[in-house]
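Asks: One structure, as structure tokens, below. Some questions next.
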Amino acid sequence: MQTTVGYYGTRDRLMERLKEPAPGRVQMLTGPRQVGKTTLLLEIARQWGDSAIYLALDSPEAALPGWWEIQVRRVIQIAQAGKAVLLLDEVQYLPNWSRLVKSAIDQVFRERLPLHIVI
């Protein structure tokens with residue numbers, strides 16, 4: 001049985017998990033439209049400041065050839081400089097998203113980068 005957790009409960013649980021050593025668990029937010037998933041990702045981005053990388057994958061530039069690869073390189077560089085968080089919003093709009101995200105996650109774990117990932 002799945003329990004529904006409200007916005008603040010989800011936020012608090014996610015914030016606690018982001019305090020864990022990175023790389024750690026990959027967090028995935030799911031839920032119906034208009035429940036605050038994007039709002040929560042943007043709140044985390046504000047709190048983490050320059051250590052947060054927020055990517056809206058439903059934006060027009062995300063469909064450009066090579067865009068994802070450029071973003072992954074940028075994320076890796078930021079994580080190499082210190083603890084960071086990658087926030088992927090609307091990941092379902094990225095073609096082949098599961099393969100691409102898994103590849104990026106594998107690299108993070110291989111290199112033991114201090115990067116949290118929230119999808």
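Coordinate-derived values only; no laboratory data. Bear in mind that the values here come from a model prediction, so they are computed numbers and not experimental data. A quick note on method: Cβ atoms are made from the backbone with ideal geometry, for glycine too, and the neighbour counts reach across all protein chains shown.
Asks: Mind counting the residues in the range 85-114 that are of a type outside the set (Val, Ile, Thr) and farther than 27 Å from ARG33 by Cα?
Replies: Narrowing the range 85-114 to residues of a type outside the set (Val, Ile, Thr): 86-90, 92-100, 102-104, 106-107, 109-114.
Next, from what is left, pick out any that are farther than 27 Å from ARG33 by Cα: 103, 106-107, 109-114.
Number of matching residues: 9.
Asks: Counting residues that are surrounded by 11 or more Cβ atoms within 10 Å (Cβ to Cβ) and either free of Cβ contacts under 8 Å to residues at least 40 places away in the same chain or among the acidic types (Asp, Glu) (or both), which strands (runs of 3 or more DSSP E) fully inside the range 30-119 reach at least 3?
Replies: Details: elements: 52-56, 84-89, 115-118.
Once the strands (runs of 3 or more DSSP E) in the range 30-119 are filtered for at least 3 residues that are surrounded by 11 or more Cβ atoms within 10 Å (Cβ to Cβ) and either free of Cβ contacts under 8 Å to residues at least 40 places away in the same chain or among the acidic types (Asp, Glu) (or both), what remains is 52-56, 84-89.
Asks: Please enumerate the residues belonging to the range 14-29 that are touching a strand residue (DSSP E or B) at 6+ places or on another chain (Cβ under 9 Å) and either assigned to a helix (DSSP H, G or I) or not basic (Lys, Arg) (or both).
Replies: Going through the range 14-29, the residues touching a strand residue (DSSP E or B) at 6+ places or on another chain (Cβ under 9 Å) turn out to be 14, 17-18, 20, 22-29.
Scanning the range 14-29 gives LEU14, ARG17, LEU18, GLU20, ALA22, PRO23, GLY24, VAL26, GLN27, MET28, LEU29.
Asks: Filter the range 30-72 down to the residues that are among the aliphatic types (A, V, I, L, M) and in contact with a strand residue (DSSP E or B) (Cβ under 8 Å, 6 or more places away or on another chain) and list them by number. Write out each step before concluding.
Replies: Keep residues of the range 30-72 that are among the aliphatic types (A, V, I, L, M), which gives 35, 40-42, 44-45, 52-53, 55-57, 62-64, 70, 72.
If the condition is that a residue be among the aliphatic types (A, V, I, L, M) and in contact with a strand residue (DSSP E or B) (Cβ under 8 Å, 6 or more places away or on another chain), then LEU41, LEU42, ILE44, ALA45, ALA52, ILE53, LEU55, ALA56, LEU57, ALA62 are the ones that fit.
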